[in-house]
Amino acid sequence: MVCNKCQKKLGKVVTPDKWKEGSSNYKIGVNRKIGENKLLSKPSSSRFAPYMKKCKLCKSALHQEHSNYCQSCAYKKGICAMCGAQVLDTSKYKMSAK
């Protein structure tokens, strides 16, 4: 549950663009090495490190890059999972204890 302002920060789908001119994965004149291990050739600081951020309330691992709260905590509190702004009033809701 995210607010309208944070909607554009949401992560993208892992599926790449189709191979065609004009797509983001089509580069002209780039010297590519064949058989290169990309994981070893990049510096370690630029590698993606999932599950590094923790929820501010329950300390569970987060899956989105910009999130500060997990989905269950954001739903229980009625706040945006990214910025923490109040999205809906949960005072009259009967929520489970899970």
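If the requirement is being among the hydroxyl-bearing types (S, T, Y), open to solvent by 80 Å² or more (accessible area, probe 1.4 Å), under 28 Å from K8 (Cβ atoms) and modelled with pLDDT under 80, which of these qualifies: S96, S45, S23? Give the steps one after another, and end with the answer.
Values: S96 fails: under 28 Å from K8 (Cβ atoms); S23 fails: open to solvent by 80 Å² or more (accessible area, probe 1.4 Å).
After ruling out the rest, the residue left standing is S45.
Scan region 64-77 for residues that are within 18 Å of K94 (Cα to Cα), free of Cβ contacts under 8 Å to residues at least 60 places away in the same chain and either of a type outside the set (S, T, N, Q) or not in a helix (DSSP H, G or I) (or both) and jot them down.
Listed by number, the residues that qualify are C73, K76, K77.
Identify, from the list A61, A81, A74, A85, the residue that is at pLDDT 85 or above and touching a Pro at 6+ places or on another chain (Cβ under 9 Å).
The match here is A61.
The values are calculated or read from the model by the stated rules, or taken from the named source; none is laboratory data. All values reported here derive from a predicted model rather than from experimental measurement. Neighbour counts run over all protein chains shown; Cβ positions are idealised from the backbone, glycine included. SASA here: full protein model, heavy atoms, side chains in, ligands and nucleic acids out. Shrake-Rupley method; radii C 1.70, N 1.55, O 1.52, S 1.80 Å.
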